[in-house]
1. When you go through Glu72, Glu98, Glu80 one by one, which is the residue that is loosely packed, with under 14 Cβ neighbours inside 10 Å and under 14 Å from Arg31 (Cβ atoms)?
2. Hey, can you tell me all the residues within segment 34-79 that are among the acidic types (Asp, Glu) and within 13 Å of the chain's Cα centre (by Cα)?
3. What is the number of the single condition among (1) assigned to a loop (DSSP other than H, G, I, E, B); (2) at pLDDT below 70 that Thr17 does not meet?
4. Being under 21 Å from Glu30 (Cα atoms) and crowded, with 18+ Cβ neighbours inside 10 Å is true for just one of Arg138, Arg67. Which residue is that?
5. Among the residues that make up segment 120-128, is at least one of them part of a helix (DSSP H, G or I), at pLDDT 95 or above, crowded, with 19+ Cβ neighbours inside 10 Å and small (Gly, Ala, Ser)?
6. Quick one: what pairs do we get from segment 44-66, first residue more than 14 Å from Ser124 (Cα to Cα), second not in a helix (DSSP H, G or I), C-beta under 6 Å, 6+ apart or different chains?
7. Out of the residues in segment 99-119 that are of a type outside the set (Asp, Glu) and assigned to a helix (DSSP H, G or I), state the one that is farthest from Ser175 (Cα to Cα).
8. Counting just the residues of segment 99-139 that are over 14 Å from Leu167 (Cβ atoms) and small (Gly, Ala, Ser), which one comes out nearest to the chain's Cα centre (by Cα)?
Amino acid sequence: MNSDWKIYTKTGDKGQTSLIGGTRVPKYHERIEAYGTLDELNSYIGLIRDQDAAAEKRELLIEIQDRLFTAESLLATDPEKEHRTLPKLFDEDITLLEKEIDKMNEVLPELTSFILPGGHPIVSHCHVARCICRRAERLTIKVVENNPSTLHGDMVIRYLNRLSDFLFVLARWFSHQLNATETIWKARV
């Protein structure tokens, strides 16, 4: 490791951090909340990827993690400042998720009721990741609504929306693959 590069910079010791472009903002700024939640989601998808049952989906999960880093960098950029070229999300990234959802759904029983998360640890991990993804989506929507010039903000929102659908279907797919029980929610009325 290069001894000139250190993980600690001490520039955040007073509760502020920099966006890409140099703008200093408080660490509770809505952009930081949004891309921090994406980072949480990315880490959680890494946990799913590391499960033995995920071997068949491992490369796809790595690709999703890469796209999440792309989304993080877009949200971390001050659109009012000049910035270097950043990676982008494309329609093909969303189409990939849709194709994977469709492929998994081909082998799943029809869903006729809400299901309770659980049945196997990897299924539960997928549901937790789905919830984190939905939170990231809500926070990103807030950033984009408050800052319409957010770089590719609409694309990030679309990607997160589709990713949460993917994670739900992935949970069901793992449940099916592992012959785990899907517990139907029976509302007490």
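The values are calculated or read from the model by the stated rules, or taken from the named source; none is laboratory data. Computed from a predicted structure; not experimentally measured. Don't worry about glycine lacking a Cβ; one is built from the backbone with ideal geometry, like all the others, and counts go over all protein chains shown.
1. Values: Glu72 fails: loosely packed, with under 14 Cβ neighbours inside 10 Å; Glu98 fails: under 14 Å from Arg31 (Cβ atoms).
Being loosely packed, with under 14 Cβ neighbours inside 10 Å and under 14 Å from Arg31 (Cβ atoms) holds for just one of Glu72, Glu98, Glu80, which is Glu80.
2. From segment 34-79, those among the acidic types (Asp, Glu) are 39-40, 50, 52, 56, 59, 63, 66, 72, 78; that's our starting set.
Result: Asp39, Glu40, Glu63, Asp66, Glu72.
3. For Thr17, the exception is condition (1).
4. Working: Arg138 fails: crowded, with 18+ Cβ neighbours inside 10 Å.
Exactly one residue qualifies, and that residue is Arg67.
5. Scanning segment 120-128 turns up no residue that is part of a helix (DSSP H, G or I), at pLDDT 95 or above, crowded, with 19+ Cβ neighbours inside 10 Å and small (Gly, Ala, Ser).
6. none
7. Filtering segment 99-119 for residues of a type outside the set (Asp, Glu) gives 99, 101, 103-105, 107-109, 111-119.
Then keep just the ones that are assigned to a helix (DSSP H, G or I); that gives 99, 101, 103-105.
Details: Lys99: 19, Ile101: 15, Lys103: 15, Met104: 11, Asn105: 12 Å.
Among them, the one singled out is Lys99.
8. Gly118
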